[in-house]
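Throughout, read-outs are computed from the coordinates displayed, never taken from laboratory work. The structure displayed is predicted, hence computed values, not measured ones. Note that we place each Cβ from the backbone using ideal geometry, even for glycine, and neighbour counts take in every protein chain shown.
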Amino acid sequence: MTNPLLIAWQTPLETPPFAEIKPEHFLPAFEQAFADHTAEVNAITHDPSAPDFDNTVTALERSGKLLNKVASVFYALVSAHSNPELLAIESEVSLRQARHWNPIMMNAVLFGRVAKLYEDRAALKLTPEQLRLLERTYTRFQRSGAGLTDEKKARLAAINERLAQLGTEFSHHLLGDEQAWSMELGEDDRGGLSDAFVAGAKAAATERGKEGKALITLSRSYVEPFLQSSTRRDLREKVYKAFVARGDNGNENDNTATIGEVLKLREETANILGFPTYAAYKLEDSMAKTPDAVRGLLERVWKPARARAMADRDALQALVTEEGGNFELAPWDWRHYAEKLRQRRANFDNEAIKPYLTLEGMIAAAFDVASRLFGLTFTERTDIPVWHPDVRVWEVKDAQGKHKALFYGDYFARASKRSGAWMTSLRDQQKLDGDIAPLILNVMNFSKGADGHPSLLSPDDARTLFHEFGHGLHGMLSNVVYPSLSGTSVFTDFVELPSQLYEHWQERPEVLQKFARHYQTGEPLPDDLLKRFIAARKFNQGFATVEFVSSALVDLEFHTQPSAAGQDVRAFERKELEKIGMPAEISLRHRPTQFAHVFSGSHYAAGYYSYMWSEVMDADAFGAFEEAGDIYAPAVAKRLHDDIYSSGGSRDPEEAYIAFRGRKPEPDALLRRRGLLTEPAAA
């Protein structure tokens with residue numbers, strides 16, 4: 001039988017033919033892709049010609065096309081629509097990937113060719129993008145151990161293989177715990193829950209084969225609104241404890257031992273490469289540069305955030321007492337009573353705005369903002385193959401009507417999908433061999449409407465949609481020559497700038513007045529409710545900031561004190577939280593055993609702070625539009641397009657930001673945005 005992964009795709013715009021791709025196709029396709037890539041790299045390594053940019057750096061950029069093609073489809077499915085067969089294949093493929101890349105990235109001869117070019121770079125007459133690519137290529141080889149002794153290379157290769165296995169193991173454990181748990185909501189269990197939430201719970205039950213029931217799962221899009229709205233304190237406690245215990249249940253899915261081994265091996269990696277800690281190694285290749293710089297930012301934010309949270313805690317406890325509750329505020333109470341306090345202080349209820357925040361309306365809003373800023377148009381296509389019936393596809397064209405990208409939206413939670421929200425690609429933009437248009441994915445876990453209801457989003461859900469679409473635009477608007485510099489191929493603490501900046505438009509009156517429409521009547525969001533929503537945006541920011549910053553600080557300490565952390569993960573977590581004065585009523589946004597950002601791969605390891613580092617920039621960057629007096633100001637939008645969204649990794653991120661803004665970011669913009677510059681209000 002023909003393997004669809006190994007032939008040219010006869011589909012619209014050469015998109016993956018998902019209906020034809022079966023699990024059994026992947027291992028043979030990876031085998032062929034590994035062999036092809038190895039042969040391509042060997043040809044570069046053994047080229048008798050003196051190294052030049054074309055025969056070494058450009059040749060490396062051209063290599064591995066089949067591997068990229070197969071891997072992008074495989075990992076998209078593993079994340080968004082997995083099954084036991086795919087998960088078993090992933091365990092094997094992750095190890096094979098490490099074994100494939102180790103000898104390439106540690107190849108002394110190949111590194112010698114790159115290093116010679118790097119040393120001579122000033123005389124090579126390269127374009128700015130070529131110079132950036134040469135610098136990044138040299139850095140990648142150097143940080144992968146290409147300059148080490150053979151003995152150290154062998155040890156580092158073994159570590160890389162084991163870390164690949166452990167990262168896959170971590171994500172499988174987390175998915176296993178999430179798939180294994182659900183709670184049925186009987187008629188008596190639905191106090192305080194909206195009709196839309198119950199409709200979503202019924203849809204979740206149907207998706208899990210329990211037609212006619214209503215289920216809450218461990219998807220954040222179910223858990224957080226349940227904790228906020230449910231009047232059943234006993235059930236809030238049950239749901240909360242299940243959510244924070246993912247990966248920490250002492251069962252076959254327990255991640256504590258996995259974390260300990262990961263930390264030990266990451267520390268050894270850093271030491272082999274000449275760094276005192278993994279955090280020092282990881283942060284050297286970032287905007288932040290050092291653990292001290294990260295800690296400085298986080299601690300600067302922590303103090304006012306904690307003060308605000310503690311004042312809010314006292315106010316919430318007073319509300320509990322006022323209602324006759326004879327209990328101390330607990331973590332499963334915070335969201336519930338914070339919502340009541342918000343209603344009292346700001347006269348705003350999250351549930352009141354949700355009927356106006358339909359998924360369709362917010363998708364249309366995200367598209368409209370992109371059209372006004374960048375001239376893009378979005379036309380839904382029904383002829384593009386997809387991996388699940390819920391997935392939708394839009395063709396994206398630029399202001400001149402030229403094809404720019406395809407955008408895939410996979411919005412609903414299901415058991416086959418890992419939790420969270422993310423952007424990825426099936427194909428990246430590049431111009432090295434023709435004008436290659438990207439295939440960009442946004443994947444969410446929103447609750448699905450049932451009984452004729454559309455999916456209604458919370459303000460947080462709507463913000464998440466804009467956030468991931470901001471990442472999507474970073475991929476769709478990319479305009480670079482070389483694949484390695486395409487789209488989101490930037491420093492981790494810069495990659496969140498385009499996404500977090502895009503969030504600002506979601507909560508602007510100009511956008512909400514147009515796209516926030518009641519799902520039943522079609523009426524626009526009333527001016528009074530809009531004003532109260534805007535006024536309430538900074539409410540509970542102490543809580544939100546504390547749960548994030550504490551997670552970032554724990555991540556940083558895990559990677560600066562790995563020996564202590566690895567011996568007893570739970571004890572280390574408790575010790576670090578005590579050290580910073582973590583309020584007992586607030587939990588980490590991501591406890592270690594479920595911290596997939598950090599432990600299912602290394603991308604955000606010692607790097608979860610990146611969201612806040614980028615927020616310093618995004619809060620400051622939106623000020624450029626505010627100063628222009630127009631949130632779509634054409635001149636500002638053009639700079640945003642040229643310097644941030646389209647340049648990918650082709651220039652230094654600090655240089656790119658200054659080109660857009662005219663100066664470095666002003667750090668207090670973050671505190672102002674979160675309402676943390678002033679003293680906390682009295683309880």
Would you mind computing the Rg to Rh ratio of the range 537-627 from its alpha-carbon coordinates, Kirkwood style for Rh? 1.04
With charges set only on the Cβ (+1 for Lys and Arg, -1 for Asp and Glu), what does the dipole of the chain come to about its Cα centre, in debye to the nearest 20? 620 debye
The chain, Kirkwood Rh and Cα Rg, ratio Rg/Rh at 0.95
Evaluated at q = 0.20 Å⁻¹: base-10 log I(q)/I(0), Debye formula over Cα of the range 186-286: -0.96
Under 30 Å from Lys69, Cα to Cα: lysines that are on another chain or at least 8 residues apart: Lys22, Lys153, Lys282, Lys397, Lys402, Lys404, Lys417, Lys431
Within straight-line cross-link reach of Lys65, aspartates and glutamates at Cα separation under 19 Å, skipping those fewer than 8 residues along the same chain: Glu14, Glu31, Asp36, Glu40, Asp54, Asp428, Asp433, Asp435
Tell me, what ³J(HN,Hα) does each residue in the range 657-663 have, in order and in whole Hz, if you take phi through Karplus 6.51 cos²θ - 1.76 cosθ + 1.60 with θ = phi - 60° and put x for Gly and Pro? 5, 5, 4, 6, 9, x, 6
Choose one of Val70, Asn251, Ser371: the residue whose Cα lies farthest towards the positive end of the charge dipole of the chain (beta-carbon charges +1 Lys, Arg; -1 Asp, Glu; about the Cα centre). Ser371
Charge dipole (debye, nearest 20) of the range 431-528; +1 at Cβ of Lys and Arg, -1 at Cβ of Asp and Glu: 260 debye
With the cut-off at 22 Å, tell me which of the pairs Lys303/Lys575; Lys152/Lys289; Lys538/Lys575 have Cα atoms farther apart than that. Lys152/Lys289; Lys538/Lys575
Please give me the summed charge of the neighbours of Arg392: other residues whose Cβ is under 11 Å from its Cβ, Lys and Arg +1, Asp and Glu -1. -3
Taking 0.36 nm per residue of separation between Ala88 and Thr256 and subtracting their Cα-Cα distance, the length gained on full extension comes to 58.3 nm
So how long is each side of the range 505-572 along the principal axes, counting just the alpha-carbon atoms, biggest first, in Å? 58, 22, 19
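For the range 450-504, what is the convex hull (Cα atoms) projected area averaged across all directions, in square nanometres?
5.2 nm²
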Could you give the length gained by full extension between Thr321 and Arg570, i.e. 0.36 nm per residue of separation minus their alpha carbon distance, to one decimal place? 86.4 nm
Could you state the number of Å between the C-alpha centres of the range 208-256 and the range 311-365? 19 Å
For Ser499, Ser221, ascending order of other Cβ atoms within 10 Å (fewest first) is Ser499, Ser221
How much of the calculated P(r) for the range 387-471 lies past 14 Å, in percent of all Cα pairs? 69 percent
Which residues does a label at Leu432 reach in the range 53-88, if reach means a backbone N under 17 Å from a point 7 Å past the Cα toward the Cβ? 53-72
Among Ser425, Gly212, Tyr356 the positive-end extreme of the charge dipole of the chain (Cβ point charges): Tyr356
For a quick check: with amide H placed at 1.01 Å from N, whose amide H comes under 5 Å from Tyr482's, ignoring anything fewer than 5 positions away on the same chain? Lys431
P(r) tail for the range 129-185, what percent of Cα pairs lie past 14 Å? 72 percent
Distance (nanometres) between label positions extended 7 Å along Cα→Cβ at Ala659 and Lys340: 5.4 nm
Which value, in nm² and rounded to one decimal, describes the direction-averaged projected area of the C-alpha convex hull of the range 268-375? 12.9 nm²
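Let me check I've understood the local charge: for Asp618, count other residues with C-beta under 9 angstrom from its C-beta, Lys and Arg +1, Asp and Glu -1. What total comes out?
-3
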Where a ≥ b ≥ c are the square roots of the eigenvalues of the C-alpha gyration tensor, would you call the range 483-612 rounded, which needs a/c under 1.5, or, failing that, prolate if a/b is larger than b/c, or oblate? oblate
Can you compute log10 of I(q)/I(0) for the range 239-308 with the Debye formula, treating each Cα as one identical point scatterer, at q = 0.13, 0.23, 0.24 Å⁻¹? -0.65, -0.91, -0.92
Amide H to amide H under 5 Å from Ser489: which residues, 5+ apart in sequence or cross-chain, H placed 1.01 Å off N in plane? Gly649
Would you please classify the overall shape of the range 551-683 from the alpha carbon gyration tensor, given that a ≥ b ≥ c denote the square roots of the eigenvalues, rounded means a/c under 1.5, and beyond that prolate means a/b larger than b/c while oblate covers the rest? oblate
Cβ-defined net charge surrounding Pro355, 14 Å radius [Lys, Arg +1; Asp, Glu -1]: -4
Ignoring the sites themselves, what is the longest stretch of the chain with no GluC sites (Glu not before Pro) in a DSSP loop and at most 13 other beta-carbon atoms within 10 Å? 329-683
Taking amide H atoms as placed 1.01 Å from N in the peptide plane, list the residues 5 or more away in sequence, or in a different chain, whose amide H sits under 5 Å from that of Ala405. Val396
When the dipole is taken about the Cα centre of the range 567-609, and only Lys, Arg (+1) and Asp, Glu (-1) are charged at their Cβ, what size is it in debye, to the nearest 20? 40 debye
Roughly how compact is the range 312-386, stated as its Cα Rg over 2.2 N^0.38 Å to two decimals? 1.82
So for R0 = 35 Å, FRET eff. of Glu284-Leu124 from the Cβ-Cβ r, to 0.05, ends up at 0.90
Set of lysines with alpha-carbon distance to Lys116 below 20 Å, sequence-local pairs under 8 removed: Lys125
Mean residue ellipticity (222 nm) of the chain, computed from DSSP H runs ≥ 4 via -39,500 (n - 2.57), nearest 500: -18000 deg cm²/dmol
Using the number of other C-beta atoms within 10 angstrom as an exposure proxy, rank Trp394, Trp181, Trp334 with the fewest first. Trp181, Trp394, Trp334
Explain nothing, just the number: relative contact order of the chain, from Cα pairs under 8 Å at least 6 residues apart, as a whole percent. 17 percent
In what order do Lys575, Lys402 fall by count of nearby beta-carbon atoms within 10 Å, going from fewest to most? Lys402, Lys575
Tell me which of Pro291, His518, Gly662 sits at the most positive position along the dipole axis of the chain, charges placed on C-beta atoms (Lys, Arg +1; Asp, Glu -1). Gly662
Working from Cα positions, state the angle (0 to 90°, nearest 10) between the long axis of helix 331-346 and the longest principal axis of the chain. 70 degrees
With x for Gly and Pro, the residue-by-residue ³J(HN,Hα) of the range 285-297, computed from phi through the Karplus equation 6.51 cos²θ - 1.76 cosθ + 1.60 at θ = phi - 60° and given in whole Hz, is 9, 8, 5, 5, 6, 9, x, 5, 5, 5, 4, x, 5
In sequence order, calculated HN-Hα J values of the range 121-131 (Karplus, 6.51, -1.76, 1.60; Hz; x Gly/Pro): 4, 5, 9, 8, 6, 8, 5, x, 5, 5, 4
